[in-house]
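Just so it is clear, none of the values below were taken in a lab; they were calculated from the coordinates. For clarity, every value in this text was computed on a predicted model and none was experimentally measured. Note: ideal-geometry Cβ built from the backbone for every residue, glycine included; neighbour counts use all protein chains shown.
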């Protein structure tokens, strides 16, 4: 790449692209620009242009189907939007364990299931036959505006003239450019924001929702292109230093895909009885059994035999220890009111807060509390929500649905008292 080409590239990306980005965007730069054969994309077929060229529609669909890598300079990852989305629809299972391909079971058609069924039907009924081989199906994507390759369309494009330096001499860069959006009517983006679905490769296997460390198979979705014509550079005397009047693609603007599949609980296949029968002989054991919202499958056990506090929880917030081994507040002397905090993920802890735990019913509550929030009385009350109240309490077994704007789940915890040594007031 020559010095003048580098100057043009930097000027274009500094001037053009910032106007078209938001916080969820990631730009894949193409330089030198990707030259477009206008005849291949002209007059594309669409449901509103039935006399258009099906060849042009297929070519454009191929052009925008590639998933870029997370590099500033465009690289094809070798994966395709259509294939990744289609596999997600085919392989997705809901948190209840039901395959989303099951039809005719109206009792399963809650909100999440309805969206998956609708998405699958749209995907199955929106394919077209390839002109190269009618046995091959593809899902069409459409450009907005659809006449983006026409010379006449560029008359309404943005025009810029900007002073630049070329080899330390003043010059002017001029060009026309436009943003072309990509429409995929067969792809339901809202699907990726839903809870309670999973894929065989686990949570976050499509995307971790971030730019950094995103090893997912579907980290980016191309949503727009920046196209340009008539790039010219002239010096202070009007001499042409560079000229390219052809149609080029300078960049793809991509959406960073949300964390998907969402954080949903993976089961380890053990029953509560199996766990209980294998607990070490300690005076008190806390078992946290995390289930999905259908109350069927077991997830994971968090057990800390000393305080009932998971290792990632903020131990500095512990006020005191009750004779039962739970973390409590020093000022709570009128009964075994207490608090347990368990780590959930990198943002949230699980907070179990109860009053008169050993005797009263429906006095406990389980909530999510951000890790950066101190465990003061005010914050505990702030994050204690009525919808999260413990619903069943008896024989030291409680469960509660946790909602509060976060992943819905059911948490069961079992308190198993055992013999305490004479004179022992809490676990060491």
### Message
Using a 10 Å cut-off around each Cβ, can you sort 193, 230 from fewest to most neighbouring Cβ atoms?
### Response
193, 230
### Task
Counting other beta carbons within 10 Å of each Cβ, put 139, 117 in order, fewest first.
117, 139
## Note on the structure
Residue separation between residue 189 and residue 371 times 0.36 nm, minus their alpha-carbon distance, gives in nm 62.6 nm
## Note on the structure
Checking rank on 144-153, 248-257, with mean other Cβ inside 10 Å and highest first, the result is 248-257, 144-153
### Query
Just the Cα atoms of segment 3-256: what Rg and Dmax do they give in Å?
21.3, 77
### Message
Can you tell me the length gained on complete extension of the stretch residue 39 to residue 245, counting 0.36 nm per residue apart and subtracting the Cα distance?
### Response
72.6 nm
### Message
Could you check the spin-label model distance between residue 87 and residue 23? Points 7 Å from the Cα along Cα→Cβ, value in nm.
### Response
3.1 nm
### Query
Label-point separation (nm) for residue 210 and residue 62, each offset 7 Å from Cα along Cα-to-Cβ?
3.8 nm
### Task
State the extension gain, in nm to one decimal, for the chain segment bounded by residue 137 and residue 382, taking 0.36 nm per residue of separation less the distance between their alpha-carbons.
82.9 nm
### Query
Rounded to the nearest 0.05, what FRET efficiency is calculated for residue 151 and residue 114 with R0 set to 35 Å and r the Cβ-Cβ distance?
0.15
### Summary
By the C-alpha gyration tensor axes a ≥ b ≥ c (rounded if a/c is under 1.5, else prolate when a/b exceeds b/c, else oblate), the shape of segment 30-96 is oblate
#### Entry: Distance in nm between pseudo-label sites at residue 73 and residue 181 (7 Å out along the Cβ direction from Cα)
3.2 nm
